[in-house]
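I have placed the structure first, in the form of structure tokens, so that the comments after it can refer back to it.
What follows draws every value from the coordinates through simple rules; no lab data is involved. Being a predicted model, the structure only gives us computed values, none of them experimental. Reconstructed Cβ throughout: ideal geometry from the backbone, glycine too, with neighbour counts over all protein chains shown.
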Amino acid sequence: MQKNKTPVIIANWKMNGLLLDSMQNFKTLRQLINNSLVGCEIILCPPFTLLRDFAEKIPGSGVKLGGQNCHHGENGAYTGEISAKMLVDMTCDYVILGHSERRMWNNEGSEATNKKAVSAHAAKLKTIICVGETQYERDNNLEEVVIREQVINSIPKCSNENNTIIAYEPVWAIGTGKIPSMEEIKRIHTYIIDIVKKELPQFKETPRVVYGGSITSDNASTIMRTEGVDGLLVGKASLDPAEFFKIIQASSVAA
Ligand code: PGA
């Protein structure tokens, strides 16, 4: 089926990457991208410590920069936090919010994610808002209830189809090598789009909905060809530039 949105491939490096290796890996990725025709938007989200260096290296590379989190405040007495404006200052276009690892380890629920998204949009950052069910919720047929709660409550009123990407990331598929069937991915993406259409009037059109969780170069093109999938959010496989480039290529062909 022909897709009418530009596919987006997002690299989430999580808490990985030291300066020298990361710059070398980016140089490799940049060369691979420059030597080929890439038909998708590419967003790289390294840890905060690398943003300064990426801000210098990324212009002209065809890759956009994103943060992995931001605080809801504009500035002030929040020790250890990073604001949306600071990400913009580092030339970021995007920020990932509501990732299940933040929901789980930092106790950031949908309300906190929503507040961060408001502050991100005020700073003119685009948001990648993550939703997804745990294994327990899946086993108990709760995925639709959980995903609906996360979509409705995490996405703020200032969101629209141009400033927001929704990422469906089943928690049980993250870093496990397990992925849902293509039927399941299609069903959940369609469900998310349905919620947006029926319950989020701030969207005049449907936003891009991407899939994340154990993406590799072997499964990328099949997932990208699945109805309702507009892109991929890639964790572990994005750390290896050759593997990440294969995912970009597979996705460009499939789109
Ligand atoms: P993974 O992580 O690709 O390593 O499963 C995806 C994510 O958490 O964004």
Point to revise | Among 104, 13, 135 the positive-end extreme of the charge dipole of the chain (Cβ point charges) | key: 13
Check your understanding: Gap in Å between the Cα centre of the range 100-175 and the Cα centre of the range 187-213?
Key -> 12 Å
**Study point:** Shape call, the range 1-93: gyration tensor on alpha carbons, a/c limit 1.5
**Key:** oblate
Check your understanding: How many nm separate the modelled label positions at residue 36 and residue 49, each set 7 Å beyond the Cα in the direction of the Cβ?
Key -> 3.1 nm
Revision key, fill the gap. Long-range amide H partners of residue 126, meaning residues 5 or more apart or on another chain whose placed amide H is closer than 5 Å, are 94, 95
Check your understanding: Which value does Rg/Rh take for the chain over its C-alpha atoms, Rh per Kirkwood?
Key -> 0.94
Study note, to complete from the structure: For the range 62-168, the percent of all C-alpha pairs falling in each 5 Å bin, from 0 up to the bin holding the max distance, is 2, 13, 24, 24, 17, 10, 6, 3, 1
Check your understanding: In Å, what Rg and Dmax follow from the Cα atoms of the range 110-202?
Key -> 13.5, 39
Point to revise | Dimensions (Å) - the range 138-255, Cα atoms, principal axes, largest first | key: 40, 34, 22
**Study point:** Estimated inter-spin distance, residue 204 and residue 15, nm [label 7 Å along Cα→Cβ]
**Key:** 4.3 nm
Review point. Which longest run of the chain has no exposed loop site in it, a site being GluC sites (Glu not before Pro) in a DSSP loop with at most 15 other beta carbons within 10 Å, and the site itself not part of the run?
Key: 82-160
Check your understanding: Hey, which lysines would be in cross-link range of residue 197, C-alpha to C-alpha under 29 Å, not counting anything within fewer than 8 residues on its own chain?
Key -> 3, 5, 64, 115, 116, 124, 126, 157, 186
**Study point:** Per-residue [θ]222 nm for the chain (sum of -39500 (n - 2.57) over DSSP H runs n ≥ 4, rounded to 500)
**Key:** -12000 deg cm²/dmol
**Study point:** the range 37-132: trypsin sites (Lys or Arg not before Pro) in DSSP coil with no more than 12 other Cβ atoms inside 10 Å
**Key:** 124
Check your understanding: What's the extension gain from residue 160 to residue 148 if we count 0.36 nm per residue and subtract their Cα-Cα distance?
Key -> 2.6 nm
